[in-house]
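Notes to accompany the following structure.
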Amino acid sequence: MENNNGKGIFYGVIGVATLVVAIIGATFAYFTATATNDNTIAGNAATVGLELAVEKVTTAASGDLIPLDQESPADEAQLPLALKATQSCIDDNGNTVCQVYKITVTNNGNSTAVLSGTLTITGATFQNLRWTTLDDATTYTDGAINEISTTQLEDSISLTGSGSQEYFIAIWIEETGGKQNDTDKGSFTGTVSFNTAGGDGVTATFS
């Protein structure tokens, strides 16, 4: 009798521990929609003297992206609040809700170069990934909200010799109000390209 009771208590403890682990795992899976890494690649086009670099500037934001509610009940956009937080792109619960990247194109040549730029963001397992241009690393005014696609970043810009131009973009997952494990997961890739009218140019990628 004593042995049987001991076994019952043992299996009961194991059962409770298993249930706790299962609950924790389910909760974690619901709130962590996707993961990204911090890799950036700089490009260089020696023939036209162009240099392009992409850098993630939200150093405090790392790990999995949590969906961001773009509109609050009072219709106040949440993206500006996320960007201006003490730790940019970190919400009140310590979750990462966006990533900010700085794009820098430089003309290392002696002559003025007229360039157009595009940004392509791809992610086969994302349905609600969004991005927009920013005024700077922590300021969003009225940039268009774009879905993952190829979008014109710069129509035409003239860079003098040794001149450079910076762009800032924010990327986040739009909150749908439901479970997003299956619709927004994995990783995304961004490709930035700047080209002259003659087709010469430079490309950099990030993910």
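No value in this document is a laboratory result; all are computed from the given coordinates. Since the model is a prediction, treat every value here as computed from it, not as a measurement.
Distance between the C-alpha centers of segment 175-201 and segment 86-127? Whole Å please.
10 Å
Express the relative contact order of segment 124-207 as a whole percentage, based on alpha carbon pairs under 8 Å and six or more residues apart in sequence.
On the way: 97 pairs, mean separation 29.2, N = 84.
Averaging sequence separation for qualifying contacts and normalising by length gives 35 percent for segment 124-207.
Can you tell me the length gained on complete extension of the stretch THR125 to SER111, counting 0.36 nm per residue apart and subtracting the Cα distance?
On the way: separation 14, 0.36 × 14 = 5.04 nm, distance 4.30 nm.
Roughly 0.7 nm would be gained on extension.
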